[in-house]
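Nothing in this text is a laboratory measurement; each read-out follows from the coordinates by a stated rule. Please read these numbers as outputs of a predicted model, since none were measured by experiment. Because the Cβ atoms are built from the backbone with ideal geometry, glycine has one as well, and the counts that use them run over all protein chains shown.
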Amino acid sequence: MRRDAVDGLPVVGSENSSQLGARHGIDIQVDAAGNVVLDGGGMSVTPGWRSLDYKRIPRRLRDLCPGASGNNSNACFTMGNGPFQRCSVASGLELIPDHGQAMAHHGVVAPSGSVPFRQYQAALESTRGQWRVDEQ
């Protein structure tokens with residue numbers, strides 16, 4: 001995610017995939033009433049930065065990940081230290097790993113219930129202080 005130059009935390013937004021948030025119509029679907037559709041969509045996450053596509057890993061980490069070609073204004077953030085399995089990660093949010101793999105390498109942080117899109121975004125934003133850079 002993009003790192004805020006002032007406080008080092010993730011930049012909040014829903015304009016692109018490098019922000020702490022979900023993109024309406026891309027990451028998450030919304031019904032006619034403006035509520036999130038619970039269809040397995042949400043903010044994309046991985047269990048660790050080494051599971052990312054090398055194009056998303058900042059270039060400055062080429063020594064640790066040959067081929068890294070991501071933007072250096074992004075950082076590899078982590079939240080929590082538990083196993084990468086379905087669970088509540090914050091109030092109103094749950095981690096849903098992808099199916100079909102013994103060890104999931106991707107998942108989403110989704111709303112735990114159908115809520116207005118803005119409420120889901122606010123829940124994601126409320127986790128901002130819990131993310132820390134992990135580039136080791």
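P(r) for segment 48-117: what percent of alpha-carbon pairs falls in each 10 Å bin, starting at zero?
So the P(r) values, bin by bin, are 19, 37, 33, 10, 1.
Helix-only estimate, please: 222 nm mean residue ellipticity of the chain, summing -39500 (n - 2.57) across DSSP H runs of length 4 or more and dividing by its residues, to the nearest 500. All intermediate terms of the calculation are to be shown ahead of the outcome.
Values: 1 runs with 9 residues, N = 136.
Computed mean residue ellipticity for the chain: -2000 deg cm²/dmol.
Just one of [x] 50, 20, 14; [y] 25, 17, 14; [z] 27, 18, 15 is semi-axes √(5λ) of the Cα gyration tensor in Å calculated from these coordinates, so which is it?
Given [x] 50, 20, 14; [y] 25, 17, 14; [z] 27, 18, 15, the calculated one carries the label [y].
Arrange Ile28, Ile96 by Cβ neighbour counts within 10 Å, fewest through most, would you? It would help to have the intermediate numbers written out before the result.
Numbers: Ile28 24, Ile96 20.
By the 10 Å Cβ count, ascending, the order reads Ile96, Ile28.
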